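J.: Once you've had a glance at the structure underneath, I'll fire off some questions.
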Amino acid sequence: MESTFATTGRLTARQRQLVGELLELFLAEGFSDLTLDDIAARLGCSKRTLYALADSKEQLAVRTVRYFFKKATEQVETAIARTRSPAARVTRYLEAVAAALRPASQQFLRDLDRQAATREVYEQNTVAAAVRVRELIDEGIRAGAFRQVSAVFVGEVVTATMRRITSGELGRATGLDDAQAYAELAKLVVAAISR
């Protein structure tokens, strides 16, 4: 698996700054319509500098998307770290997923879906998030805060919903953006499993 920028450990201060600016650019405008020349001009660097980060535009997009999801995962886990109530943990987790996705423009999300490698990164993170929700539900059941429900079943429903969110189907059907859909999913899940 390719490393993200964050795990290479060998970036200069300027390269770390560029990675942050690159992520902001991609989140705001997407990446499929940008050429390496466009990116270099927008970031005020040379194409050679970009090639030091990745060997191609596709690899640059994949690494940036991985970096985005790594940062989002850290943000989400930090959001629930001090939360003790099982219901609040599930709600906070899905709300934090929504908050982490909020900076992503519709163009960025469409571009994720258009490129197989970035779509795969999004799908992997969706599955990981659904597994985490299942773990949180299991914890709540063991603590007696949730009804005896099949955490696997609820997790599968959450996974299916997350996939519909990821694909854009849910947004087209409801008019909700991804962040709003995750917030609604949180309300639904907690209402369904609470005692």
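J.: Only one of Ala72, Ala99, Ala88 is among the aliphatic types (A, V, I, L, M) and more than 20 Å from the chain's Cα centre (by Cα); which? Spell out how you get there, then give the answer.
T.: Details: Ala72 fails: more than 20 Å from the chain's Cα centre (by Cα); Ala99 fails: more than 20 Å from the chain's Cα centre (by Cα).
Matching residue, one of Ala72, Ala99, Ala88: Ala88.
J.: Restricting the search to the stretch 170-195, which residues are closer than 15 Å to Ala99 by Cα and outside any helix (DSSP H, G or I)?
T.: The answer is Leu176, Asp177.
J.: Please name all residue pairs, on different chains or six or more residues apart, with Cβ atoms under 8 Å, provided the first residue is in the stretch 38-53 and is of a type in the set (Lys, Arg) and the second residue is open to solvent by 60 Å² or more (accessible area, probe 1.4 Å) and assigned to a helix (DSSP H, G or I).
T.: Lys47/Asp37
J.: Take the stretch 86-100 and flag every residue that is at pLDDT below 90 and open to solvent by 60 Å² or more (accessible area, probe 1.4 Å).
T.: The answer is Glu95, and nothing else.
J.: Please verify whether Ala99 is closer than 27 Å to Glu29 by Cβ, touching a residue at least 60 places away in the same chain (Cβ under 8 Å), in a helix (DSSP H, G or I) and out of contact with any strand residue (DSSP E or B) (no Cβ under 9 Å at 6 or more places or on another chain), treating the condition exactly as stated.
T.: Working: closer than 27 Å to Glu29 by Cβ: yes; touching a residue at least 60 places away in the same chain (Cβ under 8 Å): yes; in a helix (DSSP H, G or I): yes; out of contact with any strand residue (DSSP E or B) (no Cβ under 9 Å at 6 or more places or on another chain): yes.
Here the answer is yes, as Ala99 does meet what is asked.
J.: Please find, among Leu18, Leu23, Leu53, the residue that is closer than 15 Å to Thr118 by Cβ, open to solvent by less than 50 Å² (accessible area, probe 1.4 Å) and either over 20 Å from the mean Cα position of the chain (by Cα) or at pLDDT 95 or above (or both).
T.: Only one candidate passes the filter, namely Leu23.
J.: Here is a follow-up. Name every residue in the stretch 157-195 that is acidic (Asp, Glu) and either on the phi > 0 side of the Ramachandran plot or without any contact (Cβ under 8 Å) to a residue 12 or more places away in the chain (or both), in order of residue number. Outline the logic, then answer.
T.: Kept after step one, since they are acidic (Asp, Glu), are these residues of the stretch 157-195: 169, 177-178, 184.
If the condition is that a residue be acidic (Asp, Glu) and either on the phi > 0 side of the Ramachandran plot or without any contact (Cβ under 8 Å) to a residue 12 or more places away in the chain (or both), then Glu169, Glu184 are the ones that fit.
J.: Follow-up question, since we're still on this one. Are any of the residues in the stretch 61-69 loosely packed, with under 15 Cβ neighbours inside 10 Å and out of contact with any Asp or Glu (no Cβ under 6 Å at 6 or more places or on another chain)?
T.: No, every residue in the stretch 61-69 fails to be loosely packed, with under 15 Cβ neighbours inside 10 Å and out of contact with any Asp or Glu (no Cβ under 6 Å at 6 or more places or on another chain).
J.: Restricting attention to the stretch 103-123, does a residue exist that is of a type in the set (Phe, Trp, Tyr), free of Cβ contacts under 8 Å to residues at least 40 places away in the same chain and in a helix (DSSP H, G or I)?
T.: Among the residues of the stretch 103-123, not one is of a type in the set (Phe, Trp, Tyr), free of Cβ contacts under 8 Å to residues at least 40 places away in the same chain and in a helix (DSSP H, G or I), which makes the answer no.
Residue-by-condition table, conditions (1) under 18 Å from the mean Cα position of the chain (by Cα); (2) β-branched (Val, Ile, Thr); (3) open to solvent by less than 20 Å² (accessible area, probe 1.4 Å):
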site	(1), (2), (3)
Ala104	yes, no, yes
Asp138	no, no, no
Arg142	no, no, no
Val149	no, yes, no
Met162	yes, no, yes
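J.: Determine whether the stretch 140-152 contains at least one residue that is touching a Phe, Trp or Tyr at 6+ places or on another chain (Cβ under 9 Å) and either modelled with pLDDT of 90 or more or of a type in the set (Phe, Trp, Tyr) (or both).
T.: Yes, some residue in the stretch 140-152 is touching a Phe, Trp or Tyr at 6+ places or on another chain (Cβ under 9 Å) and either modelled with pLDDT of 90 or more or of a type in the set (Phe, Trp, Tyr) (or both).
J.: Next question. Can we say Thr83 is outside any helix (DSSP H, G or I), of a type in the set (Val, Ile, Thr) and open to solvent by less than 40 Å² (accessible area, probe 1.4 Å)?
T.: yes
The values are calculated or read from the model by the stated rules, or taken from the named source; none is laboratory data. Small disclaimer: the values here were computed from a predicted structure and weren't measured. Using ideal geometry, Cβ is built from the backbone for each residue, glycine included, and neighbour counts are taken over all protein chains shown. Accessible surface is based on the protein model in full, side chains and every heavy atom, while ligands, DNA and RNA are left aside. Shrake-Rupley method; radii C 1.70, N 1.55, O 1.52, S 1.80 Å.
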